[in-house]
Amino acid sequence: MKHRNSLLWVGSTMLTVVILAAALAGAISPHGPTEQIYRDFALAPPSWTHWVGVDGVGRDVLTRLLYGARATLGIALGATAIAVVLGTVLGAAAGVLKGWFDAAISPATDFLLAFPSILLGLVALTILSPSPTSVAIAVGIASLPTVVRQVRAAFVSESAKEYVLAARATGAGQWRIAALEILPNCAGLILVLTTLTLGSAVLEAAGLAFLGLTGQPDVPEWGMMLREERSTFRIAPWLCVAPGLAITWTVLSFNLLSDGLRQRWR
């Protein structure tokens, strides 16, 4: 039990730091993320004045990291909402209706799972115009097959249990049973899937931004920061290390939180 609580505590604490950084960015830093007011200190290393240094055009890197948390978390939240909500609906429908609907959804899900999620995101972005919103939609679509498969399996498993059979014996309809009986018992799984999807969405969003697909170079997004500073890695490695550590910290916090929730809901 102590181990389980420690996972939840550590993951929650790490995630709280990221959320507070995003929420209090304007209060922590007196400057905007695009203000080039330190041009005389371009590529300056970390110091007491600039804790994470200054980039090549005179922008404070810590400020950009703080505002970048907003952009990265915003994309990840949007993508996760799409994947979890739509995936739960489709997975539940496949598990409850079965028949032709399940016969159509399951092979399609297996087919999409054969491709890397970043590739599915790239395909989605070829249809959409590059923007943070488009990246969120693309990452959400790429994460959808995993959620559909997991939710469908859970609904199929729960459908065979005694409490569902008892509800059917009382004359309850399929959708009533799915919404009032099965869904509450799958809440733990859906919560775990949500935290896992958030972690993978942060990585995928950063990857697509690194490829320059956000459409807004001035937006301080962690993947975009890596893209902008990769050419200065030899002379100013801290400019790449900082957003890389921010991504690692955030993904690790979601993974620890997911592990703690998974063990608690067993």
Between Phe101, Phe111, Phe115, which is among the aromatic types (Phe, Trp, Tyr) and within 20 Å of the chain's Cα centre (by Cα)? Phe115
The range 29-143: helices (runs of 4 or more DSSP H) wholly inside it with 3 or more residues that are surrounded by 16 or more Cβ atoms within 10 Å (Cβ to Cβ) and at pLDDT 90 or above are 61-97
Options Leu239, Leu208: the member that is within 21 Å of the chain's Cα centre (by Cα) and either modelled with pLDDT of 90 or more or buried (at least 21 other Cβ atoms within 10 Å of the Cβ) (or both): Leu208
Pick from Thr63, Thr88, Thr72: which is among the polar types (S, T, N, Q) and over 25 Å from Ala42 (Cβ atoms)? Thr88
Residue by residue through the range 144-172, note down the ones that are assigned to a loop (DSSP other than H, G, I, E, B) and buried (at least 16 other Cβ atoms within 10 Å of the Cβ). none
Of (1) within 23 Å of the chain's Cα centre (by Cα); (2) more than 23 Å from Val135 (Cα to Cα), Ser159 satisfies every one except (1)
For the range 1-26 the number of residues that are part of a helix (DSSP H, G or I) and either modelled with pLDDT of 90 or more or in contact with a Phe, Trp or Tyr (Cβ under 9 Å, 6 or more places away or on another chain) (or both) is 17
Could you check, for the range 81-97, whether at least one of its residues is polar (S, T, N, Q) and either under 22 Å from Leu208 (Cα atoms) or out of contact with any Cys (no Cβ under 9 Å at 6 or more places or on another chain) (or both)? no
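The values are calculated or read from the model by the stated rules, or taken from the named source; none is laboratory data. Quick caveat: nothing in here was measured; it's all calculated off a predicted structure. Cβ atoms come from the backbone with ideal geometry, glycine included; neighbour counts cover every protein chain shown.
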